[in-house]
1. Could you go through the stretch A:131-148 and let me know if any residue there is hydroxyl-bearing (Ser, Thr, Tyr) and farther than 18 Å from A:Leu197 by Cβ.
2. Are any residues in the stretch A:201-237 polar (S, T, N, Q) and assigned to a loop (DSSP other than H, G, I, E, B), and if so, which ones?
3. If you go through the stretch B:10-55, how many residues are more than 30 Å from B:Ile83 (Cα to Cα) and buried (at least 17 other Cβ atoms within 10 Å of the Cβ)?
4. Quick one: which of A:Leu159, A:Leu109, A:Leu59, A:Leu55 is crowded, with 19+ Cβ neighbours inside 10 Å, among the aliphatic types (A, V, I, L, M), more than 14 Å from chain B (Cβ to nearest Cβ) and out of contact with any Pro (no Cβ under 9 Å at 6 or more places or on another chain)?
5. What single numbered condition from (1) touching a Lys or Arg at 6+ places or on another chain (Cβ under 9 Å); (2) away from every other protein chain (no Cβ under 11 Å) fails to hold for B:Thr157?
6. Which condition number in (1) out of contact with any strand residue (DSSP E or B) (no Cβ under 6 Å at 6 or more places or on another chain); (2) assigned to a loop (DSSP other than H, G, I, E, B) is the one that B:Val80 fails?
7. Can you run down the residue pairs with Cβ atoms below 7 Å, 6 or more apart or on separate chains, where the first is in the stretch A:107-130 and in the same structural domain as A:Tyr227 (by TED's automatic domain parsing) and the partner is aromatic (Phe, Trp, Tyr)?
8. Which pairs do you get when a residue that is more than 25 Å from A:Leu109 (Cβ to Cβ) and more than 7 Å from every other protein chain (Cβ to nearest Cβ), found in the stretch A:135-156, comes within reach of a residue that is among the β-branched types (Val, Ile, Thr) and assigned to a strand (DSSP E or B), reach meaning Cβ atoms under 9 angstrom, with the pair 6+ apart or on two chains?
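The values are calculated or read from the model by the stated rules, or taken from the named source; none is laboratory data. Only a predicted model underlies this, so the values are computations on that prediction, with no experimental measurement involved. Cβ atoms come from the backbone with ideal geometry, glycine included; neighbour counts cover every protein chain shown.
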Amino acid sequence: MNGRKPYRPDLSALQPEFRRIERRLMLRGALSLGALSLLGGCGELDSDDAVDCVLRDMLSFNDRVQAWLFSRNRLARIFPASAITKPFPFNAYYPPSEIRTVDPAQWRLELSGLIENKKPWSLRDLRALPQQSQITRHICVEGWSAIGSWSGVPLSLFLKRVGADLRAKYVEVKCFDDYFTSIDMETALHPQTILALDYADETLPPEYGAPMKIRMPTKLGYKNPKYVSAIGVTNTYPGGYWENQGYDWFGGS
Amino acid sequence: MPFLQRRPGPRAAHPLIVRLSHWIAAAAMICMIMSGWQIYNASPILPFLFPSWATLGGWLGGGIAWHFAAMWVLFCAGLVYLIYGIASGHLRRDIAPVGPRSVARDLFAALRFRLAHSPGHYNAVQRLLYAGVLLVAVFTVLTGLSIWKPVQLGWLTWLFGGYDLARRIHFACMALIVGFLVIHIALVLIVPRTLWHMIAGGRLKPDAQNPEIVP
């Protein structure tokens, strides 16, 4: 997750089965702590390390706990402008020298999946929608944190505007730097989840995800995609760049 | 709760439930510490890294997976122990610290290797250490929750002075627990039979005033 040392995950074996198990656990009814030892999945995986299997099940269980703890009405703390971290750190799965840029006039936000009106959106269209700003704490899965100032279109407003199926499970995000992630619909509809177009009252600069980043202070950094190019609404588990390598999918704060 | 009360006749110096929760919590705590070091290494708050042989998980994601799995094991074992400890009077009888004078006396005796040790009876130094580590463990769980969920449990994070401070307190709690482990294991090495008693239970005469090992 950090520019200075791209990770070579050892648990890559975790990847292929994760999606399947995740989906199965999502479908399963309420899971009590007592039933933990009975968690399925492990018995059916033949070529897999039993320890990895248990860890994966526990991550899925924790995802459910995180979803249960999450409240759409609970807001992240708002900080004064004086608390903003300067400079706000750049962070990606590659170093800053590999930042990709697009022509803002040519850029379009593509829509897919369970959305009525899939007409692509230009920056001009998005700027015409109501904007909202926030000074919130960005927390990285690595443990560091930084306070920044973002503004843009509330995702809930946008999803309603384009006629998205708000009962769908997932909102998936694709980025033109080949990053991708997905979030639960509850978090997508959280009032502080925004399609950020500005940073510190200026047009979002390339290092912070120009032209669009999805900012959600209720989730860790790897769930806050930059360089966004497409948004989809789906009931099929979409995974994510880091999530497929072993970070927990919910990634909530 | 009659089943929790002391039965007549020789009883185990360490009841089965204490031994089980001790060893399960010990294993989980080791996992928590080593995976915690792995997580720490991703973004250190002090100018050093933990050597990779002392970490668990192989990389940050693996460390997190271990940390958040062992978390439940430790939580459950701790909860069982605390509920038993309160209900049975074990915490009040054996763990609650006694006055500083007794601590000074027992500590002085211990440092001269003259502290009598009878299974199931906790001297003043033990009481202080065990009560201390239990308290620190509770704080570790609370600070851990506060940095895991700084938005959903924002009040807890606020209580610990905000995310960054809570993260440092969580680290400091770990350091205290590691410090406890060093002393605890050193004391076990000095009186090795206590290790066997913690495994097999040991036997204690019903007369608590005059504890002796019963063959």
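1. Yes - at least one qualifying residue is present in the stretch A:131-148.
2. Correct list: A:Thr218, A:Asn224, A:Asn235, A:Thr236.
3. 6
4. Going through A:Leu159, A:Leu109, A:Leu59, A:Leu55 in turn, just one is crowded, with 19+ Cβ neighbours inside 10 Å, among the aliphatic types (A, V, I, L, M), more than 14 Å from chain B (Cβ to nearest Cβ) and out of contact with any Pro (no Cβ under 9 Å at 6 or more places or on another chain): A:Leu159.
5. (2)
6. Checking B:Val80 against (1) out of contact with any strand residue (DSSP E or B) (no Cβ under 6 Å at 6 or more places or on another chain); (2) assigned to a loop (DSSP other than H, G, I, E, B), the one that fails is (2).
7. As it stands, the answer is A:Arg108/A:Trp121; A:Leu109/A:Trp121; A:Leu123/A:Trp107; A:Leu129/A:Phe158, since those pairs meet every condition given.
8. A:Ala146/A:Ile139; A:Ile147/A:Ile135; A:Ile147/A:Thr136
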